[in-house]
Amino acid sequence: MKVVIDCDPGHDDAVAILLAAGHPDVDVLGITTVAGNQTLERVTTNACVAATVAGLRDVPVVAGSNGPLLRRLRIADSIHGESGLDGPAPIEPTVHPAAGHAVDFIIDTVLAQPGEVTLVALGPLTNVAIALRKAPALAQAVDRISIMGGSWTRGNMTPAAEFNVWADPEAAAVVFGAPWDLTMVGLDVTHQALYTDEVAARFEGLASPAARWLGELMAFYRDTNRAVHQMGAPPVHDPCALAAVIDPSIVPTREARVDVETAGTHTAGMTVVDFGRRADAGSHHVGVGLEADAFWSLLANAVAALPLER
Ligand code: RIB
Ligand code: CA
């Protein structure tokens, strides 16, 4: 499965990159970055670090939008720290950003091989929205798009809104309004992907630099999620959106119409999910559960397959 990952690393984005690199069925064509968890410069450096740890030497990392379409950039440094990947000792990346812009990379890569590329969007949807406006054919040319974002219950940035959609609601409205095969993997799914002590034990036995790095990332991420969200174990959001396309049985879905609130004073960034309008235009596959044990096995097997040397 050919994938382009659009992301804002971010601890959980980095884990998704490890999953993509280690899974035998995934061919990472590129990693594009968007400002979100941290500034564009920092998330791009972090994507290069994650690609370095994952052994993705020949995969282009291409920087994209430095902020939302209309709103000011609001980063999540309370969760991901000053660097955006706080926790492990700094790593000098051997992977460096490629020339060009993420929007053009997404368009060119997808249109060069219609029907073959899966987009996996793990941050604010600014790059994806601009790509759709610049090349509307993108919606039909991708095989599918899987998005970590939204929620059909409650948000994590406000009671109504999840961070990726909250960060750029206008971009999300463009993306959810396009006629493509879209899977929404929201908080209703990812809050079941909790990195508990039992889960951590599944990775502690692995000897690779990537496994150690993952453990160090999760230790920091656990502490900040406890402090900010009062969660005993941190939800590892982003790899769920990739798992949903690697093995759809891991994330059961239902059809629903999804609209994005952009005007609400208290609800901007809310994904309004209507399971009663599943046949409407604009309906998508909405994640409603997680086969957690299968998810952690998928991730552990992928991490175990990563290079033993950096
Ligand atoms: O709400 C969770 C999402 O926001 C994840 O993608 C996390 O990395 C942050 O971007
Ligand atoms: Ca993210």
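The values are calculated or read from the model by the stated rules, or taken from the named source; none is laboratory data. Bear in mind that the values here come from a model prediction, so they are computed numbers and not experimental data. Glycine also receives a Cβ, built like all others from the backbone with ideal geometry; neighbour counts cover every protein chain displayed. Quick note on the areas: whole protein, heavy atoms, side chains included, nothing else; ligands and nucleic acids left out. Shrake-Rupley method; radii C 1.70, N 1.55, O 1.52, S 1.80 Å.
Observations on the model:
- Anisotropy class of segment 258-308 from Cα gyration tensor, a/c 1.5 cut: prolate
- Amide H contacts under 5 Å for GLY10, placed H, 5+ residues apart: LEU85
- In terms of its C-alpha gyration tensor, segment 30-113 has an oblate overall shape, because the principal axis ratio a/c (a ≥ b ≥ c, square roots of the eigenvalues) is not below 1.5 and a/b does not outweigh b/c.
- Taking the charge dipole of segment 267-310 about its Cα centre, with +1 at Lys and Arg Cβ atoms and -1 at Asp and Glu Cβ atoms, the residue from PHE275, ALA300, VAL288 reaching farthest to the positive side is PHE275.
- Panel note: the C-alpha atoms of segment 223-263, placed on their principal axes, show extents of 35, 35, 13 Å (largest first).
- Calculated P(r) tail over 38 Å for the chain, as whole % of Cα pairs: 5 percent
- Here segment 148-299 is assigned +1 on the Cβ of each Lys and Arg and -1 on the Cβ of each Asp and Glu. Its dipole about the Cα centre then comes out at about 140 debye.
- Derived scalar couplings ³J(HN,Hα) [segment 185-201; Karplus, 6.51 cos²θ - 1.76 cosθ + 1.60; whole Hz; x for Gly, Pro]: 10, x, 5, 4, 8, 6, 6, 9, 9, 8, 7, 7, 4, 5, 5, 4, 4
- Along segment 268-281 the Karplus relation, 6.51 cos²θ - 1.76 cosθ + 1.60 evaluated at θ = phi - 60°, assigns HN-Hα couplings of 4, x, 6, 8, 8, 9, 10, 6, x, 10, 5, 9, 5, 4 Hz to successive residues, with x for each Gly and Pro.
- For the chain, built as a Gaussian network whose Cα springs stay under 10 Å, the top-fluctuating residue of GLY84, GLY205, GLY36: GLY205
- Dipole of segment 112-237 computed with +1 at Lys/Arg Cβ and -1 at Asp/Glu Cβ about the Cα centre; of GLY186, THR153, LEU138, farthest Cα towards the positive end is LEU138.
- Kirkwood Rh and Cα Rg combined as Rg over Rh, evaluated for segment 66-175: 1.00
- Rounded to 5, the percent of DSSP beta bridges in segment 132-288 classed as antiparallel: 60 percent
- Gaussian network model of the chain, springs between alpha carbon atoms under 10 Å - residue of ALA173, ALA35, ALA47 with greatest fluctuation: ALA173
- Taken along its principal axes, the alpha carbon cloud of segment 186-310 reaches lengths of 49, 32, 25 Å, longest axis first.
- Unit charges on C-beta of K, R, D, E only; dipole of the chain, Debye: 440 debye
- Gaussian network model of the chain, Cα within-10 Å springs - most flexible of LEU214, LEU206, LEU187: LEU206
- Fraction of C-alpha pairs exceeding 17 angstrom in segment 85-134: 53 percent, rounded to a whole number.
- Think of segment 1-116 as having a plus end and a minus end, set by charges on the Cβ of Lys, Arg, Asp and Glu; of HIS11, ASN37, VAL95, ASN37 sits farthest toward the positive end of this dipole.
- Sequence of GLU261, GLU291 from largest to smallest accessible area, 1.4 Å probe: GLU291, GLU261
- Taking all protein chains into account, the per residue accessible area for the chain stands at 38 Å² (1.4 Å probe).
- The amide H of ASN156, built 1.01 Å from its N in the peptide plane, has ALA161, GLU162, PHE163 as neighbours under 5 Å, considering only residues 5 or more places off or on other chains.
- Relative to the current alpha-carbon distance between ARG133 and ALA219, full extension at 0.36 nm per residue lengthens the span by 27.0 nm.
- Derived scalar couplings ³J(HN,Hα) [segment 158-166; Karplus, 6.51 cos²θ - 1.76 cosθ + 1.60; whole Hz; x for Gly, Pro]: 9, x, 9, 10, 8, 3, 4, 7, 4
- Close amide-amide hydrogen proximity is noted between VAL117 and ASP143, each under 5 Å apart and 5 or more residues distant or on a separate chain (H modeled in the peptide plane; Pro and chain starts excluded).
- Rolling a 1.4 angstrom probe over segment 1-149 with all protein chains present gives an accessible area of which 52% lies on carbon and sulfur atoms.
- Summing Cβ point charges (Lys, Arg +1; Asp, Glu -1) relative to the Cα centre of segment 42-100 gives a dipole of roughly 300 debye.
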